[in-house]
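First up is the structure itself, then whatever we jot down about it.
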Amino acid sequence: MRPPPINILGVQVHPLTVDQLHEELAQLIETDAHAEVLHVNVHGMNLSADNPWLRDYLNQAEIVFCDGAGIMLGARILGQHIPERITYADWMWQLAEFAAARGYSFYFLGAKPGIARTAADRMIAHFPELKIAGVRDGYFNKDNGHPDNEAVLADINAARPNILIVGMGMPMQERWLLDNWSRIDANIALTGGAVFDYISGDLKRAPAWMTNNGLEWLGRLLIEPRRLWQRYIVGNPVFLARVIRERLHHRQA
């Protein structure tokens, strides 16, 4: 049975392990569901605090899982427990193995031209049985009704994947799904951020001693300081301050 969600800054986060998440995905696919399975990290929490539409969007999803040590820390400060973080750079390989064994199909949508295709080729090299029904980069006009957007929807629907993975970064990927998910013929939508960049090898990852000890954010900052300094140097303290304020508010209530 799925554990009840934890409320962190108004976002309902499901405290799942990888195995539990895989069980949930299998059940959704086998029952021919049409469900959004989203993730949240500190950046996503901060965006949700500043954009109520994103918070509401996350809370209407079938599942929201933890992608980051900061969310685990936030839960702990609030007296809750999340068993593990499920971060795409690691989890995508586990998910591919799981999907290949079950015969589930993927569609990759996002990243710069050629990146998602390279990611797909690398995954198939590791798991020859893996079904990747389609690949499309994220560089198209996403306006509702635009021919580019309509062509992407038509391609996805022709492929009818079990799992659509949208890697456009937050909050663009969430906004695109919010606008288009009702018209997409797939069982599950996942939001993967930079997943294709990592899987393709286009984006380097921090050393294991950092990623395994809650310091992936620091590794990412060192690799992409110009793009990510505000997200981490400003964003992490803002998130912690919000969590501590919520904790103190609960104690006083």
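For region 53-127, what is the relative contact order in percent, using Cα pairs closer than 8 Å and at least 6 residues apart in sequence?
Once divided by the residue count of region 53-127, the mean separation gives 21 percent.
Ignoring ligands, DNA and RNA, please state the percent of accessible area on the chain from carbon and sulfur, probe 1.4 Å.
The value for the chain is 51 percent carbon and sulfur by accessible area.
Quote the charge dipole size of region 61-127 about the Cα centre in Debye, to the nearest 20; the model charges only the Cβ of Lys and Arg (+1) and of Asp and Glu (-1).
Roughly 140 debye, rounded to the nearest 20.
I'd like to know which of Gln12, Met45, Ala151 lies farthest towards the positive end of the charge dipole of the chain, counting +1 on Cβ of Lys and Arg and -1 on Cβ of Asp and Glu.
Met45
Tell me, what is the percent relative contact order of the chain, built from C-alpha pairs under 8 Å that lie six or more residues apart?
21
Projecting each Cα onto the charge dipole of the chain (Lys/Arg +1, Asp/Glu -1 at the beta carbon, about the Cα centre), which of Ala99, Leu164, Leu54 comes out farthest on the positive side?
Checked the options; the winner is Leu54.
Using only Cα atoms, tell me the angle between helix 18-30 and the longest principal axis of the chain; keep it within 0 to 90° and round to the nearest 10.
Tilt relative to the chain: about 40 degrees.
By the scheme Lys and Arg +1, Asp and Glu -1, what is the net charge of all other residues having a beta-carbon under 11 Å from that of Ala120? Each step should come with its number before you reach the end.
On the way: positive: Arg117, Arg122, Lys131, Arg136; negative: Asp121.
Around Ala120, the charge tally is +3.
Show me 85-93, 193-201 ranked by packing, highest mean number of other Cβ atoms within 10 Å first.
Highest-to-lowest ranking by the protection proxy: 193-201, 85-93.
Over region 1-148, with the other protein chains present, what is the accessible area per residue in square angstrom, probe 1.4 angstrom?
44
Which shape class, rounded, prolate or oblate, goes with region 53-137 when its Cα gyration tensor gives a ≥ b ≥ c as root eigenvalues, a/c under 1.5 marks rounded, and past that a/b bigger than b/c marks prolate?
Prolate is the answer for region 53-137, as a/c is 1.5 or above and a/b outweighs b/c.
Which whole-number percent gives the relative contact order of region 1-109, counting Cα pairs below 8 Å spaced six or more residues apart?
Computed value for region 1-109: 29 percent relative contact order.
Please list, ordered by chain and number, the residues whose modelled amide H lies under 5 Å from the amide H of Ile82; skip anything fewer than 5 residues away on the same chain.
Distant-sequence amide H within range of Ile82: zero hits.
The values are calculated or read from the model by the stated rules, or taken from the named source; none is laboratory data. Computed from a prediction, not measured in an experiment: that's the story for all the values here. All Cβ positions, even for glycine, are placed from backbone atoms using ideal geometry, and neighbour counts span all protein chains on display. Side chains included, ligands, DNA and RNA excluded: accessible areas come from the protein's heavy atoms. Shrake-Rupley method; radii C 1.70, N 1.55, O 1.52, S 1.80 Å.
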